[in-house]
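Student: Sharing a structure below in structure tokens format, with a few things to ask.
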Amino acid sequence: MGRLSYRPTGAPLGAFVEGFDAAGTGPLAAVPVDELAAGLAAHGVLVFRGAAIRPERFVEIGRAFGELEILPEPDKRHPGHPEIFDLSNVGPDGGVVAYDEPQSVFLRGTERWHTDSSFREIPCLCTMLNAIEVPPEGGETEFADMRAAHDALDAERRAELAGLMVVHSYEYSRANNPGEMDPMSDEERAKYPPVRHPLVRVDADGRRSLYLGGHASHIDGWPEQRGRELLAELVALAGQDRFVYRHVWERNDLVVWDNRWTLHRLRPYDIARHRRVMQRITVAGTEPPVGP
Ligand code: OGA
Ligand code: MN
């Protein structure tokens, strides 16, 4: 224990981690999960730079944190590892897919601020993204500190928000993707019904944060439009530079983020021209978010 060090990014959240052999080839291969989990809870985003991580090792790192999620529409590109999902604009023929292809539409959907799998009853704990190919420009990922955004509200506003419940829905966010998608099957729809989560969540350490983003459809019990306006207003607040870390990817970066109190979004890149291939794993949560 204690062999890791964290170099903060200089933004309000995020740190580069040193002292962990992410690729798992050297003597420091064991995953110091308690230390990393504490680092994640403290910094929100952990960056491991320069490790070429094999799929087996990637899954091993993920599993150290907990159960791994399988996405609603799983990837078939890693036959032995259904937990790994490629966020990739490369099609089956090895070339980049067109701007309007469902694959691009899905990827461009992640340009909205969101927190992963908030449409589940028990949303995930963290996501891990491993950069295989990065575009020459654009394609950064931004992270917003939702504790800081919450704490920046005045006391009266915080009290108003504290009792509200938000309806999150996969069907809703999918329908809002920026283009045509294949229709969602009845089976998928039945598997992911809308769920309710507190707008202000309180995590195990007692810290409060705003919990919303792209899967958040409306405020429970409010007229839909009014709820959407409030959600949009809060997302705009949180997306200000003062709450954001922008990660500029290098090939072989592994980035892990805490989905409990951060939002993230992809920044645009020339998706119909430049390749961007990221391998992704999501670690499941263990309990539903709790309110104040
Ligand atoms: C994700 C995601 C954004 C990106 O993996 O959940 O939203 O920058 N990724 O690829
Ligand atoms: Mn995401």
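The values are calculated or read from the model by the stated rules, or taken from the named source; none is laboratory data. Small disclaimer: the values here were computed from a predicted structure and weren't measured. Cβ placement follows ideal geometry from the backbone for every residue including glycine, while neighbour counts extend to all protein chains displayed.
Student: Kindly provide the set of residues from segment 71-105 that are surrounded by fewer than 16 Cβ atoms within 10 Å (Cβ to Cβ) and closer than 26 Å to Ala30 by Cβ, ordered by number.
Tutor: Passing the criteria: Gly80, Pro82.
Student: Hey, does segment 121-135 have a residue that's of a type outside the set (Gly, Ala, Ser) and within 24 Å of Glu229 (Cβ to Cβ)?
Tutor: Yes; the residues of segment 121-135 include at least one that is of a type outside the set (Gly, Ala, Ser) and within 24 Å of Glu229 (Cβ to Cβ).
Student: Let me spell it out: the conditions are (1) modelled with pLDDT under 95; (2) more than 22 Å from Leu68 (Cβ to Cβ); (3) exposed (fewer than 14 other Cβ atoms within 10 Å of the Cβ), and Ala204 meets all of them except one. Which number is the exception?
Tutor: (2)
Student: Search segment 18-39 for residues being of a type in the set (Asp, Glu) and not in a helix (DSSP H, G or I), and hand back the single one that is surrounded by the fewest Cβ atoms within 10 Å (Cβ to Cβ). Lay out the reasoning, then the answer.
Tutor: Of the residues in segment 18-39, the ones of a type in the set (Asp, Glu) are 18, 21, 34-35.
Filter once more, so that each one left must be not in a helix (DSSP H, G or I): 18, 21.
Details: Glu18: 12, Asp21: 15.
Checked segment 18-39; the qualifying residue surrounded by the fewest Cβ atoms within 10 Å (Cβ to Cβ) is Glu18.
Every residue, every condition in (1) out of contact with any Ser or Thr (no Cβ under 8 Å at 6 or more places or on another chain); (2) touching a residue at least 40 places away in the same chain (Cβ under 8 Å); (3) under 25 Å from Ile53 (Cβ atoms); (4) not small (Gly, Ala, Ser), yes or no:
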{"position": "Ala236", "(1), (2), (3), (4)": "yes, no, no, no"}
{"position": "Val248", "(1), (2), (3), (4)": "yes, yes, yes, yes"}
{"position": "Asp253", "(1), (2), (3), (4)": "yes, yes, yes, yes"}
{"position": "Asn259", "(1), (2), (3), (4)": "no, yes, yes, yes"}
{"position": "Thr262", "(1), (2), (3), (4)": "no, yes, yes, yes"}
{"position": "Val283", "(1), (2), (3), (4)": "no, yes, yes, yes"}
{"position": "Pro289", "(1), (2), (3), (4)": "yes, yes, no, yes"}
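Student: Let me ask something additional. Name the residue that is nearest to ligand 2 (Cβ to nearest atom), counting only residues in segment 243-259 that are closer than 17 Å to Arg112 by Cα and not in a strand (DSSP E or B).
Tutor: Checked segment 243-259; the qualifying residue nearest to ligand 2 (Cβ to nearest atom) is Asn259.
Student: Condition test on Glu56, is it assigned to a helix (DSSP H, G or I), free of Cβ contacts under 8 Å to residues at least 40 places away in the same chain and under 21 Å from the mean Cα position of the chain (by Cα)? Spell out the reasoning first.
Tutor: Details: assigned to a helix (DSSP H, G or I): yes; free of Cβ contacts under 8 Å to residues at least 40 places away in the same chain: yes; under 21 Å from the mean Cα position of the chain (by Cα): no.
No: the conditions fail for Glu56.
The rows are residues; the columns are (1) within 14 Å of ligand 2 (Cβ to nearest atom); (2) not in a loop (DSSP other than H, G, I, E, B).
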position: Gly94; (1), (2): no, no
position: Asp100; (1), (2): no, no
position: Arg108; (1), (2): yes, yes
position: Ser118; (1), (2): yes, no
position: Ile122; (1), (2): no, no
position: Leu129; (1), (2): yes, yes
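Student: In addition: Please determine whether any residue of segment 205-225 is more than 16 Å from ligand 2 (Cβ to nearest atom), on the phi > 0 side of the Ramachandran plot, outside any strand (DSSP E or B) and among the polar types (S, T, N, Q). Walk me through how you get there before you give the answer.
Tutor: Taking segment 205-225 as the starting set, the residues that turn out to be more than 16 Å from ligand 2 (Cβ to nearest atom) are 205-210, 217-225.
Retained after the next criterion (residues that are on the phi > 0 side of the Ramachandran plot): 206, 221.
After this cut, where a residue has to be outside any strand (DSSP E or B) as well, the list is 206, 221.
Going one step further and asking which of them are among the polar types (S, T, N, Q), we end up with none.
The answer is no; no qualifying residue exists.
Student: Say whether the condition of being under 25 Å from Phe16 (Cβ atoms) and out of contact with any helix residue (DSSP H, G or I) (no Cβ under 8 Å at 6 or more places or on another chain) is met by at least one residue in segment 66-80. Even if it seems obvious, please write down each step before you answer.
Tutor: Within segment 66-80, the subset under 25 Å from Phe16 (Cβ atoms) is 66, 68.
Filter again for out of contact with any helix residue (DSSP H, G or I) (no Cβ under 8 Å at 6 or more places or on another chain), leaving 66.
For segment 66-80, residues under 25 Å from Phe16 (Cβ atoms) and out of contact with any helix residue (DSSP H, G or I) (no Cβ under 8 Å at 6 or more places or on another chain): present.
Student: Surrounded by fewer than 16 Cβ atoms within 10 Å (Cβ to Cβ) and either of a type in the set (Gly, Ala, Ser) or at pLDDT 95 or above (or both): which single residue out of Ala15, Ala42, Ala11 fits that description? Outline the logic, then answer.
Tutor: Values: Ala15 fails: surrounded by fewer than 16 Cβ atoms within 10 Å (Cβ to Cβ); Ala11 fails: surrounded by fewer than 16 Cβ atoms within 10 Å (Cβ to Cβ).
When all the criteria are applied, what remains is Ala42.
Student: Let me ask something else. Assess whether Ser185 counts as being within 19 Å of His215 (Cβ to Cβ), surrounded by 15 or more Cβ atoms within 10 Å (Cβ to Cβ) and hydroxyl-bearing (Ser, Thr, Tyr).
Tutor: no
Student: Sort out which residues of segment 111-161 are β-branched (Val, Ile, Thr), surrounded by 20 or more Cβ atoms within 10 Å (Cβ to Cβ) and under 25 Å from Arg208 (Cβ atoms), and write them in order of number. Before you say what the answer is, go through the steps one by one.
Tutor: Within segment 111-161, the subset β-branched (Val, Ile, Thr) is 115, 122, 127, 132, 134, 141.
Adding the requirement that they be surrounded by 20 or more Cβ atoms within 10 Å (Cβ to Cβ) leaves 115, 127, 134, 141.
Those that are β-branched (Val, Ile, Thr), surrounded by 20 or more Cβ atoms within 10 Å (Cβ to Cβ) and under 25 Å from Arg208 (Cβ atoms): Thr115, Thr127, Thr141.
Student: Next up: When you go through Val235, Val167 one by one, which is the residue that is more than 16 Å from ligand 1 (Cβ to nearest atom), of a type in the set (A, V, I, L, M), within 28 Å of Leu107 (Cβ to Cβ) and crowded, with 16+ Cβ neighbours inside 10 Å? Please lay out each step first, then the result.
Tutor: On the way: Val235 fails: more than 16 Å from ligand 1 (Cβ to nearest atom).
Matching residue, one of Val235, Val167: Val167.
Student: Determine which member of the set Ala175, Ala284 is among the aliphatic types (A, V, I, L, M) and more than 15 Å from ligand 1 (Cβ to nearest atom).
Tutor: Every option except Ala175 fails the conditions.
Student: Tell me, which residue of segment 45-65 that is surrounded by 19 or more Cβ atoms within 10 Å (Cβ to Cβ) and touching a helix residue (DSSP H, G or I) at 6+ places or on another chain (Cβ under 7 Å) is farthest from Ala190 (Cα to Cα)?
Tutor: Of everything passing the filter in segment 45-65, Leu46 is farthest from Ala190 (Cα to Cα).
Student: Assess whether Gly227 counts as being under 14 Å from the mean Cα position of the chain (by Cα) and surrounded by 20 or more Cβ atoms within 10 Å (Cβ to Cβ).
Tutor: Working: under 14 Å from the mean Cα position of the chain (by Cα): no; surrounded by 20 or more Cβ atoms within 10 Å (Cβ to Cβ): yes.
Spelling it out, it is not the case that Gly227 is under 14 Å from the mean Cα position of the chain (by Cα) and surrounded by 20 or more Cβ atoms within 10 Å (Cβ to Cβ).
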